[in-house]
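The values are calculated or read from the model by the stated rules, or taken from the named source; none is laboratory data. What you are looking at is a predicted structure, and each value in this text was computed from that prediction instead of being measured. All Cβ positions, even for glycine, are placed from backbone atoms using ideal geometry, and neighbour counts span all protein chains on display.
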Amino acid sequence: MNDISHKAQIKAALHGFTAGHFAENARHLFRVLGYASNRTLHIEPNTAEGFLARWQLHPEKALLPEWHTVDFLFQLTEKEITEGMPSGFELATHTTVDPAIYRSYLFLAVKLKGSTYSRTALASITREVNKVFAIPALLLFQHGQSLTFAIIHRRPSRRDGERDVLEKVSLIKDIDVVTPHRAHVEILADLSLGALHRAHGFTNFLELHQAWQKTLDSSVLNKRFFRELADWYFWAVENVTFPADAGEDVAVRNATCVIRLITRLIFVWFLKEKGLVPDALFDETEIKKLLTGRRDLPGAMPPHESTYYQAILQNLFFATLNQEMNTPAHPTRRKFRGDGRQHYNITSRYRYKRYFRDAEGALRLFESIPFLNGGLFECLDKPDAERPKRLLRVDGFSDREENPLHVPNELFFAAEQEVELNAVYGTKNRRYTVRGILNILNRYKFTMAENTPIEAEVALDPELLGRVFENLLAAYNPETGTTARKQTGSFYTPREIVNYMVDASLMAYLKSALRLNRYEGGGRTHRFGRSPAAPARLYR
């Protein structure tokens, strides 16, 4: 089966959840992904009460009142894995019992009563269910017209070899079964049994579990995204033109302006994911309906012209996000600049009216977008302090014919193509492929909630902006990356380091506070204040 047909089958299986029996739909989806087994048991009734009759859960932490149904789908063992793989595939045999080697995996499906649940709520259910079982359990939730996959990271306890430590919960969250996001289909395809074996070559269940974890690791996702973005960046800086006032050195000028463009665009993408910016502004089909093309080519958006960046993105950045919304009291805050010198250098007015088929109609796409009172979308075109009658053009937000600004449409919409980047990376005879940045962004799911050490959504979160800025800044200067960062004084502290610093500070404080409490109280104390009657529930 080729990759395209497999993804089509995944989409069809997802759409099946719009009707029919939840447990059967879930088993069918897992069969499409390569996971199937006849090893199952029936929970009667298949409700929270039926589950509690067999296994004990913490009702509040497991959100039991929210459970509509719960089904034990199947237990996957080495036998089913071997049968599901190509002929000749065998899992490694083990002559000794290793507590780190899992020999099976459980698949459960929970249908919830509500339509929307937080990442923390779903992670809490997953953690509580996994406390019940000595082997890992993957949970598939359905809530409204969305699905969420949840997998918990487990490792053998260093204190008790018969128990596991339950660590971070990874979630593929809010998969729309009617119109699934392309990124969700891609992730599920990557999680299919055949794809995992091609990528990781697992030989036992522990390695299969680790392959799942690697595929769902948000840091791996970030690295893959940044590799694509970096290739696009090096392609873009060779194909753009920005005003000379943006910097004397052309290479540095293009680099800084493209980094600024990327930062603005990714920030807007997060707004789009929140429904604050219309999808139509990034849809090539819809954009072609809006624009005429600079040379008046009907229905076209020529790849080597700059109409999309100027008419759509610059107007979005400077005349929308940097301008207060229209109100009944102020109905013309957001409008096109007047003719002649009216609104000269007032960069909060729309420009490039001639590029639109229906300029006033196009404004309706922008009217509901919120005003952001910040500096990211402030146009950098401004009067020259030394020569007040002269304007410094940095962003080049200008209707003037001599405006040199040029950011080709193909940088946003191009299909995958091969480009020469060996000189940039110091490689030889390596093939590099790039695609338009909007096509790159559409391949990933974005979330507004930052991941934490105990729960992580398989999506790009707002921390990405800092990582992108930090890494691209290293390429901003012809000198070394370290020098470039030192010159700007810009450093980004990764989440892992922040978490470590916070944990270390809290531990130091608690040790000091508890030691002081022990001496001052004179009574019996327990490590970190835990009573012997209330043992930790972290280990199984």
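A few points about this structure:
- Looking only at residues of the range 1-48 that are more than 26 Å from the chain's Cα centre (by Cα) and of a type in the set (D, E, K, R), we find that the one that is surrounded by the most Cβ atoms within 10 Å (Cβ to Cβ) is R27.
- Against the conditions (1) outside any helix (DSSP H, G or I); (2) modelled with pLDDT of 85 or more, P453 satisfies every one except (2).
- Among the candidates N315, N322, residue that is closer than 26 Å to E286 by Cβ, at pLDDT 90 or above and part of a loop (DSSP other than H, G, I, E, B): N322
- Those residues of the range 234-254 which are over 23 Å from R390 (Cα atoms), loosely packed, with under 15 Cβ neighbours inside 10 Å and free of Cβ contacts under 8 Å to residues at least 40 places away in the same chain, in sequence order: E238
- Qualifying residue in the range 345-362 (condition: among the aliphatic types (A, V, I, L, M) and surrounded by 15 or more Cβ atoms within 10 Å (Cβ to Cβ)): yes
- Enumerated helices (runs of 4 or more DSSP H) restricted to the range 341-444, each holding at least 1 residues that are under 27 Å from M325 (Cβ atoms), at pLDDT below 95 and assigned by TED's automatic domain parsing to the domain that holds K274: 359-366
- Which numbered condition A195 fails, given (1) surrounded by fewer than 19 Cβ atoms within 10 Å (Cβ to Cβ); (2) touching a residue at least 12 places away in the same chain (Cβ under 8 Å); (3) of a type in the set (A, V, I, L, M, F, W, C): (2)
- Condition broken by Y492, with the remaining ones in (1) under 19 Å from L229 (Cβ atoms); (2) modelled with pLDDT of 70 or more; (3) assigned to a loop (DSSP other than H, G, I, E, B) satisfied: (2)
- Within the range 58-85, the set of residues being among the aliphatic types (A, V, I, L, M) and crowded, with 18+ Cβ neighbours inside 10 Å comprises A62, L63, L64, V70, L73, L76, I81.
- Residues within the range 90-137 that are in a loop (DSSP other than H, G, I, E, B) and either at pLDDT below 90 or polar (S, T, N, Q) (or both), tallied: 21
- Single match in A36, A26 (criterion: part of a loop (DSSP other than H, G, I, E, B) and either touching a Cys at 6+ places or on another chain (Cβ under 9 Å) or under 15 Å from L140 (Cβ atoms) (or both)): A36
- Residue-level check: of (1) surrounded by fewer than 21 Cβ atoms within 10 Å (Cβ to Cβ); (2) more than 23 Å from I10 (Cα to Cα), H200 misses just (2).
- Filtered residues of the range 238-269 (kept if more than 28 Å from the chain's Cα centre (by Cα) and aromatic (F, W, Y)): F242
- So E416, is it among the charged types (D, E, K, R), under 28 Å from K288 (Cβ atoms) and touching a residue at least 12 places away in the same chain (Cβ under 8 Å): yes
- The residue list L29, L76, L63 contains one member that is touching a strand residue (DSSP E or B) at 6+ places or on another chain (Cβ under 9 Å), of a type outside the set (D, E) and within 11 Å of L106 (Cα to Cα), which is L76.
- Pairing each residue of the range 71-86 that is at negative phi and assigned to a strand (DSSP E or B) with any residue that is modelled with pLDDT under 80 and of a type in the set (F, W, Y), provided the two are 6+ apart or on different chains, yields no C-beta distance under 8 Å.
- Selection within the range 203-237 - in a helix (DSSP H, G or I), over 17 Å from the mean Cα position of the chain (by Cα), modelled with pLDDT of 80 or more and farther than 15 Å from S170 by Cα: E207, L208, D231, W232, Y233, F234, W235, A236
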